[in-house]
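The values are calculated or read from the model by the stated rules, or taken from the named source; none is laboratory data. The structure presented is a predicted model; accordingly, all values stated were derived computationally and were not measured. Note: ideal-geometry Cβ built from the backbone for every residue, glycine included; neighbour counts use all protein chains shown.
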Amino acid sequence: MNLNLIADIAKSLLLARWRQSLVAAIGVTFSITMFITLLGFMNGLNDLLDGLILNRTPHVRLFNEIKPNPNQPVNLSSDFQGGHNFIQSIKSSGGRLEIHNGGAILEALKVDPRVLGISPKISSPVLYNAGTIDITGAVSGIDVIAESALFFFKDYVREGNPLDLKNVSNSIILGKGVAEKLLAEIGDMVQVTTSKGDRLPLPVVGTFQSGIADFDKVQSFASIATVQKLLGKPNTYITDIQIKLKDLKTAPVVAKEYARLFQADAEDIQTANSQFETGSFIRTLISYVVGIVLLIVAGFGIFNILNMMIYEKMDTIAILKATGFSGSILRHRDYVFADHHLFGWLFPC
């Protein structure tokens, strides 16, 4: 098969109707470009949301949740074993938010080969005092080095140096929304009051912006030692242990194991962000459906253009068949290419 001969024929036929060939080429280019653009946009959007949510969420979180005690005294009494007990308005037991024996738990987690890193944390509701106005908020005591390594904390600090939480005694980094409400800048003093009425002035060393406005309007960060001092707790007091695993998929199994082993509540990332994962799946599905529909519509348009081009060249195809070419232009005898400017007519030797 003479490929050069077939290429010269195809070139002559395409150039004979170059406008139609150009329209068909533009149609193919535009449809594929839009398909790639749409998928790229949706993948970028999912990566952005993953960064806002998943990068700030531990794979496994250990904490103590205040909840009613299921073992009520009436259920433990032998006098009522044979009856049905109806108890209403059960109040939460006098449990504590502190993780019991937190130091030993941290040491055990450090030697677990499945664990990538750990970061202790203290969460507490507070009031930011702006003159005579009290603004509701929350302060998190963190290990800034571990938080930056595992949850990219330093990437969300817009002003100031996150290491100042460790280097400057009794300092605080405010969420952007909180800083705007308080009109606070770096170097200003902010009065923070706990739920028990204890008040402590803290210098502002930075501002934090996560991209979630509601979160930034209430959240602030300080060192673990600062929050322990604010709450009047000993240096062993922590309320959360955040764990990142080497394999994210093992989080549900590991969470159940840790809850049983350490006698604490454990929440895995799949459970904490189940609605978020569903939303990501739906967005991805919609993007692929729309992209495939776009390709199908564009494909029918391109097919129509090419079909019309073929019908317009029926006379040329008939001449080529008459000179010995097959319908698939795969078999031919020996021909001489006489004049490719006149549709490349071929004559037998």
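A few notes on this one:
- Residue 220 falls short on exactly one of the conditions (1) hydroxyl-bearing (Ser, Thr, Tyr); (2) touching an Asp or Glu at 6+ places or on another chain (Cβ under 9 Å); (3) in a strand (DSSP E or B), and that condition is (2).
- The one condition in (1) in contact with a helix residue (DSSP H, G or I) (Cβ under 7 Å, 6 or more places away or on another chain); (2) over 30 Å from residue 105 (Cα atoms); (3) modelled with pLDDT of 65 or more that residue 273 fails to fulfil: (2)
- Matching residues, region 125-135, being at pLDDT 90 or above and either assigned to a helix (DSSP H, G or I) or not aromatic (Phe, Trp, Tyr) (or both): 125, 126, 127
Each row is one residue, and each column tells you yes or no for (1) charged (D, E, K, R); (2) surrounded by 13 or more Cβ atoms within 10 Å (Cβ to Cβ); (3) modelled with pLDDT of 75 or more.
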| position | (1), (2), (3) |
| --- | --- |
| 252 | no, yes, yes |
| 277 | yes, yes, no |
| 325 | no, yes, no |
| 335 | no, yes, no |
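- If the condition is being in contact (Cβ under 8 Å) with a residue 40 or more places away in the chain, exposed (fewer than 15 other Cβ atoms within 10 Å of the Cβ) and not in a loop (DSSP other than H, G, I, E, B), then region 174-216 contributes only 199.
- Among the residues of region 251-260, some residue qualifies, meaning at least one is in a helix (DSSP H, G or I), in contact with a His (Cβ under 6 Å, 6 or more places away or on another chain), in the same structural domain as residue 107 (by TED's automatic domain parsing) and farther than 23 Å from residue 130 by Cβ.
- The set of residues in region 152-170 being surrounded by fewer than 21 Cβ atoms within 10 Å (Cβ to Cβ) and of a type outside the set (A, V, I, L, M) consists of 152, 154, 155, 158, 159, 160, 161, 164, 166, 167, 169, 170.
- Residues that are over 27 Å from the mean Cα position of the chain (by Cα) and of a type in the set (Gly, Ala, Ser), drawn from region 108-145: 108, 130, 131
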